[in-house]
Amino acid sequence: MSNQALKLNEFSKELLSAIAESGINPNDCYQCGRCSSGCPIQPHFDIKTMEVVKLAALGMEKPLMESHAIWLCAGCETCTTRCPNDIDIAGLMDVLREYNISRGFKPAEPNISKFHQTYLNVIKRHGRIFEVELFAEYKMRSMDFFSDMMMGMKMFFQGKLGLFPHRIRNRAEIRKIYQAAAEARKNKNREEK
């Protein structure tokens, strides 16, 4: 976190409302630091996990939406498990990412956002992950064509990547889930206006 003082009158009622709707209460945090000390990705964060929780409790939208930490979080739930107050910190990171996208903020880690969207698109089409399509679509979205090409080739030649997707039964059920989620988002957006 920067050494710049926070202006507590710059809180976001919308952010606080989104967090409250999730059922997560970051105000229960007493800043013990167990989440930060246990996080395997912490060295790559721009702000510590416990700082994310404190900023969320204060409704500090700007520093959170500009943070790389909410995008770099692996969702391993180590922080949630270590929290003595049972705060779902990994869930809070999800809420913050969703808020970032729904409010039109630019993700601090755009390729991670692109990967998330690509992953969901592949699941929607096939009902499960199809790695070759996932990689191809992600590479097209990110325009990062060659960074891990050798790893992909190695996986292919080891038989870890199939050329055709495995189909699941009842793919229509998956589409219904996506349609219901899209409808819920539309209704929520209408209510907010």
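Below is a table of values for the structure above.
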| read-out | value |
| --- | --- |
| Residues of region 28-54 satisfying the condition of being open to solvent by less than 40 Å² (accessible area, probe 1.4 Å) and touching a residue at least 12 places away in the same chain (Cβ under 8 Å) | C29, G33, C35, S36, G38, C39, F45, I47, T49, V52, V53 |
| Single match in R141, R175 (criterion: touching a Ser or Thr at 6+ places or on another chain (Cβ under 8 Å) and on the phi < 0 side of the Ramachandran plot) | R141 |
| Some residue of region 70-78 being in contact with a Ser or Thr (Cβ under 8 Å, 6 or more places away or on another chain), aliphatic (A, V, I, L, M) and either open to solvent by 20 Å² or more (accessible area, probe 1.4 Å) or touching a residue at least 24 places away in the same chain (Cβ under 8 Å) (or both) | no |
| Odd one out for M150 among (1) within 30 Å of K13 (Cα to Cα); (2) more than 19 Å from the chain's Cα centre (by Cα) | (1) |
| Some residue of region 183-193 being at pLDDT below 85 and assigned to a loop (DSSP other than H, G, I, E, B) | yes |
| Looking only at region 106-125, and only at residues there that are touching an Asp or Glu at 6+ places or on another chain (Cβ under 8 Å) and either modelled with pLDDT of 90 or more or in a loop (DSSP other than H, G, I, E, B) (or both), the one that is surrounded by the fewest Cβ atoms within 10 Å (Cβ to Cβ) | N111 |
| Residue ID - most open to solvent (accessible area, probe 1.4 Å), chosen from residues in region 153-172 that are touching a residue at least 40 places away in the same chain (Cβ under 8 Å) and either part of a helix (DSSP H, G or I) or of a type in the set (V, I, T) (or both) | R171 |
| Residue match in region 144-152 (condition: among the aromatic types (F, W, Y), in a helix (DSSP H, G or I) and open to solvent by 80 Å² or more (accessible area, probe 1.4 Å)) | no |
| Members of region 82-135 found to be under 11 Å from the mean Cα position of the chain (by Cα) and more than 28 Å from I168 (Cβ to Cβ), listed by number | L92, M93, V95, L96, Y99, N100, P107, E109 |
| The one condition in (1) surrounded by fewer than 20 Cβ atoms within 10 Å (Cβ to Cβ); (2) in a loop (DSSP other than H, G, I, E, B); (3) not aromatic (F, W, Y) that I87 fails to fulfil | (1) |
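The values are calculated or read from the model by the stated rules, or taken from the named source; none is laboratory data. Keep in mind that what you see is a predicted model, and the values were worked out from it rather than measured. Reconstructed Cβ throughout: ideal geometry from the backbone, glycine too, with neighbour counts over all protein chains shown. For the accessible areas, the whole protein counts, side chains as well, though only heavy atoms, and no ligand, DNA or RNA atoms are used. Shrake-Rupley method; radii C 1.70, N 1.55, O 1.52, S 1.80 Å.
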